[in-house]
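The structure appears below as structure tokens.
The values are calculated or read from the model by the stated rules, or taken from the named source; none is laboratory data. All values reported here derive from a predicted model rather than from experimental measurement. As a convention, Cβ positions derive from the backbone with ideal geometry for all residues, glycine included, and neighbour counts pool all protein chains shown.
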Amino acid sequence: MHFDLSIRIERSPQDVFGFLRDKDKYPQEPGSPVLVLDQTTPGPAGVGTRYLEVVRMLPFVRGEIHSVITDFEPGRRLAEDFEGAGMVGHLEYRFEPEGDGTRLTQRETIQTRGFVRALAPLVKRMLGRQLRKRLEGMKTILESGWVVDEQD
């Protein structure tokens with residue numbers, strides 16, 4: 001399954017990049033399926049940085065997703081590969097200046113595995129809604145004045 005989403009955010013590409021670079025530091029939306037999001041490698045984020053996410057897949061069903069940053073171009077591009085919870089995939093963000101803000105594009109490709117494969121149409125519908133909701137939540141947080149940490 002493939003997702004190609006975009007949203008305009010009234011912040012600079014560097015700010016939007018910084019927010020996603022530090023994804024383990026920002027608050028999850030109420031009701032978010034993400035229960036835990038931790039960076040598991042030491043130091044600042046960059047190529048090779050690893051994360052662990054624990055997500056609610058269904059009521060009373062949780063899954064772990066392990067991801068690693070594969071491309072890191074500050075203010076331009078951020079990508080990662082991930083696997084777990086019956087899925088393997090690639091996620092890429094692109095940050096393009098648009099007026100005084102940023103056009104954030106999210107492209108994600110996912111292959112389902114195991115029992116999740118049988119649920120692929122349902123998973124695609126549910127995940128599509130969650131991805132759109134997450135982009136809108138990031139826009140709200142960033143436009144409300146979220147302070148992005150500087151990183152060397």
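Quick notes
- Selection status of Val123, in a helix (DSSP H, G or I) and crowded, with 16+ Cβ neighbours inside 10 Å: yes
- Scanning segment 63-117 for residues that are of a type in the set (Lys, Arg) and closer than 15 Å to Leu20 by Cα turns up Arg76, Arg77, Arg94, Arg103, Arg107.
- Condition check for Met87: at pLDDT below 95 and touching a helix residue (DSSP H, G or I) at 6+ places or on another chain (Cβ under 7 Å): yes
- Of all residues in segment 105-141, those satisfying the criterion of being among the hydrophobic types (A, V, I, L, M, F, W, C), touching a Ser or Thr at 6+ places or on another chain (Cβ under 9 Å) and over 13 Å from His2 (Cα atoms) are Ala118, Leu119, Leu135.
- Lone qualifier among Asp24, Asp15 - being of a type in the set (Asp, Glu), outside any helix (DSSP H, G or I) and surrounded by 15 or more Cβ atoms within 10 Å (Cβ to Cβ): Asp24
- Contact annotation: residue pairs with Cβ atoms under 6 Å, 6 or more positions apart or on different chains, pairing a residue in segment 24-46 that is within 13 Å of Ile141 (Cα to Cα) with a partner that is surrounded by 16 or more Cβ atoms within 10 Å (Cβ to Cβ), are Glu29/Gly137.
- Unmet requirement for Ala45, which otherwise passes all of (1) out of contact with any helix residue (DSSP H, G or I) (no Cβ under 7 Å at 6 or more places or on another chain); (2) surrounded by 14 or more Cβ atoms within 10 Å (Cβ to Cβ); (3) more than 23 Å from Gln111 (Cβ to Cβ); (4) not acidic (Asp, Glu): (1)
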